[in-house]
Amino acid sequence: MKQSQLFTKTRKDAPKDEEALNAQLLIRAGYVDKVMAGVYTFLPLGLKVFKKVENIIREEMEALGASELLMPSLSPKENWTKTGRWDSLDNLFRFTSFYSKNEYALGATHEEIVSPTLRKFVFSYKDLPTATFQIQNKFRDEKRAKSGILRGREFFMKDLYSFHANVEDLDEYYEKATQAYVNVFNRAGIGEKTYLTYASGGSFTKYSHEFQTVTSAGEDTIYICEKCKIAINDEIIEDLEHKCPRCGNAQLRTEKAVEVGNIFKLMTKFSAPFELKYKDQDGSEKEVIMGCYGIGLNRLMGTAVELFHDEKGIVWPENIAPFAVHLLNLGQDEEAEKIYAQLSQNGIEVLLDDRDASAGEKFADSDLIGIPLRVVISKKSIEAGGIEVRRRNESESKIMTVEELINLLKK
Ligand SMILES: [Zn+2]
């Protein structure tokens, strides 16, 4: 992509009403635009990052054997009264049609839709297990939305639902889903600071699990067991008498963290009200056992920004960066176009800064945007023998040929 084609521009200052660092940097660099508190537009650069995150998640969910579907955001009140969540879910957006006076909810989660859907297709033990997921926008009527894209009133979530004939089968799938989540966070570059965290299981199971990433921007407090590399969340730490549920260790480290994902054994909580049943081998009718598994995409992206930035701007992890290379043309139009074509032909994603701007401006914008490799083509670099290559997270630059750069990136 050529930067001159982008309608967005970087800006020196973030809007005054934006308190969160993740949103400040994303707005200044031209990734997102704030529409109102908790609601953001993904601008072209932001959508590139979003798609990277989305693809990682999609690949890991498909590897779990789940098939993708897309459910609507708008849902009827009846589905929510059936489970009692019309009244009990505090942050459910509810409204009334001006014409019909019917009441609706904007989906905050989709158990109320996926359960009756599966009822139309699952009849026998032969139809189980099965799993389906979507990547879709969710709505939550947050009282406070001050954490930038970490807590939105509208945001994107990957929600996976699994359906099983018995608890053993759910347990097995739950373990696999846990590993898939670890893979997602590792691939997205935030794995090192992300902990599998024990949380309250509700009325059906002892624990559920969250994935919590340690950052000072986090709204949650977690207690980390260094021996087991797991954590316990705030709501159950008292019940566990401040001890690790795996090894009994009482030396737990307290940290601020943000919840980037959660997994939950729903058991029959939703299959019961929607009469999602199957006929077992012995002919008896049983309720389907369910699990649900969520990852917030905006939140993952915002968490990466909270973890990886410096005073000059964002430092994207390679796998979710909008481009692999930021090519800065300093007065060498013809050469720059040639390099841009050559890299593109080799399948390397390049943002070419072809704008009519000063070198200082281009360097500052490149640091702010935070693409992992900055490549400069200038009179000076040509005289030195090629292009000047610098990693965003290093201060040293290196002169190399375009072929050497391609080899480096293909490794
Ligand atoms: Zn432990």
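The values are calculated or read from the model by the stated rules, or taken from the named source; none is laboratory data. Given the structure is predicted, the values throughout are model-derived calculations rather than measurements. Don't worry about glycine lacking a Cβ; one is built from the backbone with ideal geometry, like all the others, and counts go over all protein chains shown. Quick note on the areas: whole protein, heavy atoms, side chains included, nothing else; ligands and nucleic acids left out. Shrake-Rupley method; radii C 1.70, N 1.55, O 1.52, S 1.80 Å.
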(request) Find how many whole Å separate the alpha carbon centroid of the stretch 355-384 from the alpha carbon centroid of the stretch 1-70. (result) 23
(request) Calculate the spin-label point distance for LYS338 paired with PHE95, positioning each point 7 Å from the Cα along the beta-carbon direction, and give it in nanometres. (result) 5.7
(message) For the chain, give me the percentage of DSSP beta bridges that are antiparallel, rounded to the nearest 5 percent.
(response) 80
(message) Once you order the gyration tensor axes a ≥ b ≥ c over the Cα atoms, which shape class does the stretch 78-211 get: rounded for a/c under 1.5, otherwise prolate or oblate by comparing a/b with b/c?
(response) oblate
(request) Principal axes first, then extents: for the Cα atoms of the stretch 1-115, list largest minus smallest coordinate on each axis, whole Å, largest first. (result) 51, 40, 27
(message) Just to be sure I understand the model, the point goes 7 Å from the Cα along the line to the Cβ. What's the resulting ASP13 to ALA37 distance in nm?
(response) 2.1
(request) With a ≥ b ≥ c taken as the square roots of the eigenvalues of the C-alpha gyration tensor of the stretch 329-395, please select rounded if a/c is under 1.5 and otherwise prolate if a/b is larger than b/c or oblate if it is not? (result) rounded
(request) In nm, give the distance between the simple-model label positions of LEU6 and ARG246, each being 7 Å from the Cα along the Cα-to-Cβ direction. (result) 4.1
(request) Work out how much length THR81 to LYS126 would gain on full extension: take 0.36 nm times their residue separation and subtract the Cα-Cα distance, in nm to one decimal. (result) 13.1 nm
(request) Determine which aspartates and glutamates satisfy two conditions relative to LYS82: a Cα distance under 18 Å, and not lying fewer than 8 residues away in the same chain. (result) ASP90, GLU103, GLU111, GLU112, GLU275, GLU287
(message) Between ARG119 and LYS176, what's the calculated FRET efficiency when r is the beta-carbon distance and R0 is 22 Å? Round to 0.05.
(response) 0.35
(request) Kindly provide log₁₀ I(q)/I(0) values, in the same order as q = 0.20 Å⁻¹, from the Debye equation applied to equal alpha-carbon scatterers of the stretch 368-411. (result) -0.63
(message) Taking the Cα centre as origin and putting +1 on Lys and Arg beta-carbons and -1 on Asp and Glu beta-carbons, what dipole magnitude results for the stretch 1-102, to the nearest 20 debye?
(response) 440
(request) First check a/c for the stretch 145-229, with a ≥ b ≥ c the square roots of the eigenvalues of its C-alpha gyration tensor; if it is under 1.5, answer rounded, and if not, answer prolate when a/b is larger than b/c or oblate otherwise. (result) prolate
(request) Provide the solvent-accessible area of PHE155, counting protein heavy atoms only and rolling a 1.4 Å probe, rounded to the nearest 10 Å². (result) 30
(message) Keeping every protein chain present and rolling a 1.4 Å probe, give me the accessible area per residue for the stretch 271-405 in Å².
(response) 44
(message) Can you compute the helix-only [θ] at 222 nm over the chain? Use -39500 (n - 2.57) per DSSP H run of at least 4 residues, normalise by all residues, nearest 500 deg cm²/dmol.
(response) -9000 deg cm²/dmol
(message) Strictly greater than 29 Å: what percent of every Cα pair in the chain meets that?
(response) 52
(request) Take the Cβ-Cβ distance between SER358 and LYS227 as r, set R0 to 51 Å, and report the resulting FRET efficiency rounded to the nearest 0.05. (result) 0.40
(request) Select from the stretch 185-268 those trypsin sites (Lys or Arg not before Pro) which occupy a DSSP coil region and have at most 10 other Cβ atoms within 10 Å, ordered by residue number. (result) LYS229
